[in-house]
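Engineer: Below is the structure I would like to discuss, written out as structure tokens.
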Amino acid sequence: PNSHKLDLENTLCDNTHAGVHNFPRPDQVSAIAQKLGITSESTIVLYDNQGIYSAPRGWWIFKSMGFEKVFVVDGGLPKWLEEGRPVVSEYLSASGKTEVYGQAQENRVCDSDFVLANLDNPAIKVIDARSAERFAGSVAEPRPGVRSGHIPGAVSLPFARVLHNRRYKSEDALKAIFAELEVESSEQLVFSCGSGV
């Protein structure tokens, strides 16, 4: 109840450039926020119909645009239904219009030039969320023209490894995974995957 629909493929992507799921332009996110009546003081709660898939991307986008009170429903709609919570068949219509919205946080998004310039920087760690096989280059990439393998110096952390039953693993389990990867709290983390989700 009381939900708006945000379409990952069209609303939360910049489709004016080649590539898959390009990060949206600040003006796109501002337009979405204005249309939905979201202000810098709003609490934004995101969920998806797969459990944990596209909602974290929405979280990242809104956080990168300066919205601080952004949350993801762990387990998404499947968990909501499993718990017997109420549902409705219609989304709210986007009738709001606001003038106050977030500002782009340049330090929360980087491009390939930044990664390339910092390949030898020990303070930056690239974490690749694709499958171990794609990371190792032992299987072909699913998109034509994309080379197999990984960014030099990156470490592999397949996204499925942080999930259990379409929910995030416990905080302790996640800490153990990152400790195994030798991630230091002082390091700047850059996450990469094959499709921007």
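Engineer: Report, by residue number, each residue of the stretch 51-73 that is over 26 Å from residue 107 (Cβ atoms) and either at pLDDT 95 or above or hydroxyl-bearing (Ser, Thr, Tyr) (or both). Full working, then the answer.
Structural biologist: Applying the first criterion (over 26 Å from residue 107 (Cβ atoms)) to the stretch 51-73 yields 51, 73.
Selection gives 73 alone.
Engineer: Another question about this same structure. If you check residue 8 against the conditions, is it surrounded by 13 or more Cβ atoms within 10 Å (Cβ to Cβ), within 15 Å of the chain's Cα centre (by Cα), in contact (Cβ under 8 Å) with a residue 60 or more places away in the chain and not assigned by TED's automatic domain parsing to the domain that holds residue 166?
Structural biologist: Yes: the conditions hold for residue 8.
Engineer: Considering every residue within the stretch 28-37, establish whether at least one is closer than 30 Å to residue 145 by Cβ and surrounded by 13 or more Cβ atoms within 10 Å (Cβ to Cβ).
Structural biologist: Among the residues of the stretch 28-37, at least one is closer than 30 Å to residue 145 by Cβ and surrounded by 13 or more Cβ atoms within 10 Å (Cβ to Cβ), which makes the answer yes.
Yes/no matrix, rows are residues, columns are (1) at pLDDT below 95; (2) within 29 Å of residue 68 (Cβ to Cβ):
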residue: 108; (1), (2): yes, yes
residue: 111; (1), (2): yes, yes
residue: 133; (1), (2): no, no
residue: 142; (1), (2): yes, no
residue: 158; (1), (2): no, no
residue: 162; (1), (2): no, yes
residue: 166; (1), (2): yes, yes
residue: 173; (1), (2): no, yes
residue: 182; (1), (2): yes, no
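The values are calculated or read from the model by the stated rules, or taken from the named source; none is laboratory data. The model shown is predicted, which means the values in this text are computed figures rather than measured ones. All Cβ positions, glycine included, derive from the backbone under ideal geometry; neighbour counts span all protein chains shown.
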